[in-house]
Every structure is written in C-alpha cells, then in structure tokens.
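Here the structure comes first, spelled out in structure tokens, and everything after it is commentary.
The values are calculated or read from the model by the stated rules, or taken from the named source; none is laboratory data. Source: prediction; values computed, not measured. Positions of Cβ are backbone-derived with ideal geometry, glycine not excepted, and every protein chain shown enters the neighbour counts.
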Amino acid sequence: MEVYKLEDMVKGWFIGNFQPTLLNTNDVEVGVKKYKAGDAEGYHHHKIATEFTVILNGEVEMSGKTYNDGDIIVIKPGVSTNFTAITDVTTVVVKLPGANNDKYIDK
C-alpha cells in the first residue's frame, strides 16, 4: 500500500493531469475541496467536461440555489454556475473528462 496526504495536493485535487497527482490522466479529475464560509468563485463553465459535485457537509449556493449535505450537483458542458460557501464546506468533485484548460470565466 501507498499512503498520501490530501494536504500535499494542490487545492484538494489528487487525480488528473497536473502535479502532484496520484494518477496522471486526462480521463478524469478528482478532488476533495474544503472551503471556509464566505469563500466564493464567480460564474464559469466548461465546454468539454461534465462536473459532478457532492456536498459532503456544509451548505453552498450555486446559481441562486442552496445545496446541503448529501446533494449531488451535475453540471453539464456549457452550463454556467458560481459557488459560494454559506458555511464551512467539504465537497468531492469529479470532472469527466479531465480536459485541461476547460474552465471559462463568464463575463
């Protein structure tokens, strides 16, 4: 067995085409993301990838809707969303495929 620490990964991403990673692949990206209440990202979308976000714990607002523990949000290519952590939040995010440079900031 090999053991790694999530804290050694960049922003919680541990599988994908970046460094460090546990598996270098363009097939998928996987991350465990931790946010503090008030952390936010502006509207953006992906042209290629579908993003699956699981709210493990906490409360977030995305595109004007509130999501809580156990909610799974599927964001398909071309669909824009923003993100605000209402409370401290932990999510698991899977991006399929792990397309590099596929994050487009909406203006």
> Out of curiosity, is residue 80 without any contact (Cβ under 8 Å) to a residue 60 or more places away in the chain, on the phi > 0 side of the Ramachandran plot and among the small types (Gly, Ala, Ser)?
Replying inline: no
Apart from one, (1) part of a strand (DSSP E or B); (2) in contact (Cβ under 8 Å) with a residue 24 or more places away in the chain all hold for residue 73; the odd one out is (2)
In the range 76-103, anything β-branched (Val, Ile, Thr) and either in contact with a strand residue (DSSP E or B) (Cβ under 7 Å, 6 or more places away or on another chain) or outside any loop (DSSP other than H, G, I, E, B) (or both) is listed as 79, 81, 84, 86, 89, 90, 91, 92, 93, 94
Cβ pairs under 6 Å, 6+ apart or interchain, first in the range 24-45 and closer than 10 Å to residue 89 by Cα and at pLDDT 95 or above, second surrounded by 14 or more Cβ atoms within 10 Å (Cβ to Cβ) and of a type in the set (A, V, I, L, M), ordered by first then second residue, are 33/93; 35/85; 35/89; 37/85; 39/85
Any residue that is at pLDDT below 95 and over 26 Å from residue 3 (Cβ atoms) - is there at least one of those in the range 63-83? no
